Amino acid sequence: MVYVNSGEDKGKTGRVLKVLVKEGRAIVEGINMVSKSTKPNAKNPQGGIVKQEASIHLSNLNPLDASGKPTRVGRRKVSADKPSVRYAKTTGEEIK
């Protein structure tokens with residue numbers, strides 16, 4: 001779950017459906033809806049205009065912590081032999 005911190009959908013929350021790593025963008029459920037014209041096909045025999053989610057830049061998203069509030073993310077080393085872990089800056093809890 002993420003919080004949108006800028007743009008037309010500012011203040012809304014949604015579930016991440018897909019992350020586009022190379023572009024640095026994500027598709028979030030119900031956020032940044034666009035209208036797309038489609039030709040008739042087997043799935044949609046009538047064709048017409050379909051509403052769907054467009055990608056949004058990762059810098060405009062903040063993950064939600066355990067209490068449901070938006071938070072920034074930090075990284076810290078737990079021990080020398082393990083890799084660093086991500087944690088919520090607001091609560092200090094580890095993000096899985």
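Residue pairs whose Cβ atoms lie under 7 Å apart, separated by 6 or more positions or on different chains, with the first residue in region 1-24 and more than 14 Å from residue 63 (Cα to Cα) and the second assigned to a loop (DSSP other than H, G, I, E, B) and among the polar types (S, T, N, Q), are 9/32.
Scanning region 38-49 for residues that are surrounded by 13 or more Cβ atoms within 10 Å (Cβ to Cβ) and on the phi > 0 side of the Ramachandran plot yields no hits at all.
Residues in region 32-49 that are closer than 23 Å to residue 17 by Cβ, part of a loop (DSSP other than H, G, I, E, B) and of a type in the set (S, T, N, Q): 32, 41, 44.
Looking only at residues in region 13-37 that are more than 11 Å from the chain's Cα centre (by Cα) and open to solvent by 60 Å² or more (accessible area, probe 1.4 Å), the one that is farthest from residue 66 (Cα to Cα) is 37. Among residues of region 30-51 that are free of Cβ contacts under 8 Å to residues at least 12 places away in the same chain, those with a beta-carbon under 7 Å from a residue that is open to solvent by less than 80 Å² (accessible area, probe 1.4 Å) and outside any strand (DSSP E or B) at least six positions away or on a different chain give the pairs 39/47; 40/47.
Residue by residue, here is whether (1) modelled with pLDDT under 90; (2) part of a loop (DSSP other than H, G, I, E, B); (3) surrounded by fewer than 16 Cβ atoms within 10 Å (Cβ to Cβ) holds:
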| residue | (1), (2), (3) |
| --- | --- |
| 51 | no, no, yes |
| 56 | no, no, no |
| 63 | no, no, yes |
| 66 | yes, yes, yes |
| 75 | no, no, yes |
| 78 | yes, yes, yes |
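The values are calculated or read from the model by the stated rules, or taken from the named source; none is laboratory data. All of these numbers come straight from a predicted model, not from anything done at the bench. Here the Cβ is made from the backbone with ideal geometry for all residues, glycine too, and neighbour counts use every protein chain on show. Note: accessible area is taken over every heavy atom of the protein model, side chains too, but ligands, DNA and RNA are not part of it. Shrake-Rupley method; radii C 1.70, N 1.55, O 1.52, S 1.80 Å.
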